[in-house]
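Down below is the structure, laid out as structure tokens.
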Amino acid sequence: MIHDWAFTDSHYILFGNRIKLDILGNILLLLLFFYKLDFNNPNYNSFIDNFTPSKNTGSMTAVCGFTPMITALSVNPSKSTSPIYLLPRFPEHEERRDWKVPIEAPSQMWVLHVGNAFQETDHNGNTQIRIQASGCSYKWFNFQKMFGYDWRSGKLDPSMMNADGGNKLLPRLIQVSVNLDASGNCEECCVNLLNNQWDRVTDFPVINNNFGGRNNTYVYAATSSGFRRELPHFPFDSVVKFNTAENTTQTWSVGTRRFIGETIFVSKGSDEDDGYLLVVEYAVSKQMCYLVILDAKKVGETNAVVARLEVPKHLNFPLGFHGFWAPMD
């Protein structure tokens, strides 16, 4: 399953997260049909009483309309590697390597969102591709309860996003490096943390799009302060600015019982971090949203906030979704 992708000067990059159909639900549905055909079967009433679409899911129950389509899928942790497909963008970049055969990254990771990808080629024609992205463990990812929404109850419960097992299971920013020889064959693929001193749960990486496809210095993302006792990791309440050249971080946080979604970078100058960060802040006690504008250069300083604008209440979107900035020109 492909959720996000990237491209460099010569390749499209696709991350193949491994999934499978939920066969258990299929078996349960077949049993339901079997018993329903035989009304005299003593197990019929017991099975009907205990079988509810809200408890038993699978691909067949989804196809038949008993449950949401997303319940037909589950993660497939059968392999310890993660497939990455490098598709040539142009005919001159078609190497002898079969692009339909993926490069296997030596880590079982579910890639969530990509911030940037770029490549560097030396004088011998060897190419290094680097991808900055967020990834989590297959043990944490849950199709049926993403962002804490439980379709069974119709309620938002972010507690499941704060699963036990340590931060290594939850989303973190990573850098994937792929080294190709002049013929396009993979010589090495490795996965490392974007910043080896940063251990907080982090997602939604963004950059100054004017530097997309280049060796960028700054990455911005949503993260948590870690101060909350009940919900230490999610929802997010902070923005983090990574300096990949100096391996440093700076953060900005909202107040108590306030959360944020994805940030959007708006460039206003020639420097990579010369611009604004747009982020939606949700105030739980007021049930109101605010559009917060941050000075990207001043993240980590007390005067980082440029403006906070109240959003009309009928447009509230507590956790936010994806977006981008498109200049008029």
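The values are calculated or read from the model by the stated rules, or taken from the named source; none is laboratory data. Since we're looking at a predicted model, the values are computed, not measured. FYI the Cβ positions are ideal-geometry reconstructions off the backbone, even for glycines, and counts take in every protein chain you see. Protein only, heavy atoms only, side chains kept; ligands, DNA and RNA dropped before computing areas. Shrake-Rupley method; radii C 1.70, N 1.55, O 1.52, S 1.80 Å.
Using a probe of 1.4 Å on the protein chains alone, the accessible area found for T81 is around 40 Å².
Once the piece of chain linking I293 and D98 is laid out straight, how much longer is it, given 0.36 nm per residue of separation minus the C-alpha distance between them? Contour length minus Cα-Cα distance gives 65.6 nm. Only Cα pairs under 8 Å and 6+ residues apart enter the sum, and on that basis the relative contact order of segment 81-215 stands at 27 percent. Simple rule: put +1 on each Lys or Arg Cβ and -1 on each Asp or Glu Cβ in segment 260-314, find the dipole, and look at S285, L309, I264; the Cα lying farthest toward the positive end is S285. Shape analysis of segment 284-329 places it in the oblate category; the axes a ≥ b ≥ c from the Cα gyration tensor give an a/c of at least 1.5, with a/b not above b/c. A protection proxy built from the mean count of other Cβ atoms within 10 Å ranks the segments 212-224, 124-136, most packed first, as 212-224, 124-136.
Projected onto planes of every orientation and averaged, the convex hull of the alpha-carbon atoms in segment 141-262 covers 10.1 nm². Spin-label model, N210 to D9: label points 7 Å out along the Cα-to-beta-carbon direction sit 2.1 nm apart. Taken per residue, the accessible surface of segment 82-212 reaches 48 Å², heavy atoms only and a 1.4 Å probe.
Cα gyration tensor of segment 166-221, axes a ≥ b ≥ c as square roots of the eigenvalues: rounded (a/c below 1.5), prolate (a/b > b/c) or oblate? Cα axes put segment 166-221 in the oblate bin.
Calculated over segment 238-294, the projected area of the Cα convex hull averaged across directions stands at 4.3 nm². What pairs in K241/K297; K20/K168; K268/K297 have C-alpha atoms more than 18 Å from each other? Too far apart for the 18 Å limit: K20/K168.
Between segment 208-255 and segment 93-123, how far is it from one alpha carbon centroid to the other, in angstrom? Between the Cα centres of segment 208-255 and segment 93-123 lies a distance of 24 Å. Residue ranges 153-159, 1-7 sort as 1-7, 153-159 when ordered by packing (mean number of other C-beta atoms within 10 Å per residue, highest first).
When only Cα pairs below 8 angstrom with a gap of at least 6 residues are kept, segment 209-313 shows a relative contact order of 19 percent. Solvent-accessible area assigned to carbon and sulfur over segment 228-329 amounts to 53 percent, based on a 1.4 Å probe. Computed over protein heavy atoms with a 1.4 Å probe, the accessible surface of segment 262-329 works out to 59 Å² per residue. Just check segment 201-329 against the gyration tensor rule for me: Cα atoms, a ≥ b ≥ c as the square roots of the eigenvalues, rounded for a/c under 1.5, and otherwise prolate or oblate depending on whether a/b exceeds b/c. Here segment 201-329 falls in the oblate category. Rounded to a whole number, what % of the accessible area of segment 158-225 do carbon and sulfur atoms account for, probe 1.4 Å? The value for segment 158-225 is 38 percent carbon and sulfur by accessible area.
On the basis of the beta-carbon distance and an R0 of 30 Å, N243 and I70 show a calculated FRET efficiency of 0.20. Close amide H partners of N116, meaning residues 5 or more places away or on another chain with modelled amide H under 5 Å apart, are Q132.
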